[in-house]
Amino acid sequence: MLGISACLGGTACRYDGGSNEIAALKNLVEADQAIMICPEVLGGLPTPRSPAEIQGGDGFDVWQGRAKVVDKEGNDLTEAFKQGAIKAFDELKQLQITGLVLKERSPSCGSGLIYDGSFSGTRMTGVGVATAYFIQQGLPVYSEENWQEMRMT
């Protein structure tokens, strides 16, 4: 079974209240071959919400205490992002998820690129908070841009 970012499956849970629906991923959910998950919502964040970015590194740095997640107003959302990742992983583990397709550039779900924390639109190499946690737990993570490379076993 595959886990996917809820926004990729069509759920309006993005920070701006929208989604990033990808028809092929939504079809997997509808065929009971994938489940949707949103670590940010599981962490207690509302929809819509102020945009957030990681400052001081990436998701691995957040877990090491070297970086934090802040919203555009400067509110520290680090704990909400970490708790959302833990809750999401617990749900995924119970459902025996073997791989994930997560939203690239998200401060939670980015798997190759995230924004640099300046709210300027500048991207940097790195992973989101949930992605870092999932990788540390041994789950393979892909994005909507490379998920077709995933081995479906």
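Every read-out reported here was derived from the displayed coordinates using simple, explicitly stated rules and does not represent laboratory data. No experiment lies behind these values; they were computed from the predicted model shown. For neighbour counting, all protein chains shown are included, and Cβ atoms are generated from backbone atoms with ideal geometry for every residue, glycine included.
Structure notes:
- Lysines with Cα under 25 Å of K72, excluding same-chain neighbours fewer than 8 positions away: K82, K87, K103
- Model label zone, M1; criterion: amide N under 16 Å from point 7 Å along Cα-to-beta-carbon; scope the stretch 13-55: 28-38
- Among the GluC sites (Glu not before Pro) within the stretch 65-121, those in coil by DSSP and having at most 12 neighbouring Cβ atoms inside 10 Å are E73.
- Once log10 I(q)/I(0) by the Debye sum over Cα atoms at q = 0.08, 0.16, 0.17 Å⁻¹ is calculated for the structure shown, the corresponding label among (i) -0.19, -0.78, -0.89; (ii) -0.27, -0.84, -0.93; (iii) -0.36, -0.90, -0.97 turns out to be (i).
- When I135, I54 are arranged by Cβ crowding within 10 Å, least crowded first, meaning fewest neighbours, the order is I135, I54.
- Relative contact order (percent, whole number), the stretch 66-136, Cα cutoff 8 Å, 6+ residue spacing: 26
- Under 16 Å from the Cα of K26 - aspartates and glutamates, other chains or at least 8 residues apart: E144, E145
- Remark: relative contact order (the chain) = 23 percent; criterion is Cα-Cα distance under 8 angstrom and separation of 6 or more residues.
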